[in-house]
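Every number here is computed from the coordinates shown, using simple stated rules; none is lab data. Owing to the predicted nature of the structure, the values given are computational and were not obtained by experimental measurement. Glycine gets a Cβ as well: all are built from the backbone with ideal geometry, and neighbour counts include every protein chain shown.
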Amino acid sequence: MKSAYELAMERLEKTSGPTKKLSAAQKAEIARIEKTYEAKIAEMRLSFEERFGAAASAEELDALQAELVGKIGSIEAKREKEKGAVWNAK
């Protein structure tokens with residue numbers, strides 16, 4: 001009996017064509033990228049925690065949170081771009 005995941009993957013392959021298989025090297029590179037960018041995000045959050053504690057007003061805190069969200073979004077976009085390059089490599 002197939003799992004729900006296997007059934008969903010079969011349906012996906014029928015509608016969008018076969019999924020690309022990654023080599024072991026590509027999987028390792030994607031794992032390295034994930035680890036690197038997760039560390040960058042954690043570092044960014046830690047640096048902002050200190051600034052959150054020093055915020056003098058709610059408005060300043062809101063501005064800091066918005067800045068953090070923007071910076072994390074930028075880091076995540078870079079991560080996805082790097083992962084996409086690995087996926088698209090032959």
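Below, the figures for the structure above:
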quantity: The chain, helix-only ellipticity at 222 nm - DSSP H runs n ≥ 4, -39,500 (n - 2.57), divided by all residues, nearest 500; calculated: -29000 deg cm²/dmol
quantity: Cβ-defined net charge surrounding GLU76, 12 Å radius [Lys, Arg +1; Asp, Glu -1]; calculated: +2
quantity: Length-normalised contact order of the chain in % [C-alpha pairs under 8 Å, at least 6 apart]; calculated: 39 percent
quantity: For ARG51, ARG79, order by how many other beta-carbon atoms lie within 10 Å, fewest first; calculated: ARG51, ARG79
quantity: Residues GLU60 and ALA28, FRET efficiency given R0 of 41 Å [Cβ-Cβ distance, rounded to 0.05]; calculated: 0.45
quantity: DSSP-assigned coil residues among chymotrypsin sites (Phe, Trp or Tyr not before Pro) in region 21-90, each with at most 13 further Cβ atoms within 10 Å; calculated: none
quantity: Most mobile of LYS14, LYS35, LYS71 in a GNM of the chain (Cα contacts under 10 Å); calculated: LYS14
quantity: Among the listed pairs LYS2/LYS78; LYS14/LYS83; LYS21/LYS81; LYS2/LYS40; LYS2/LYS81, those beyond 30 Å (Cα-Cα); calculated: LYS2/LYS78; LYS2/LYS40; LYS2/LYS81
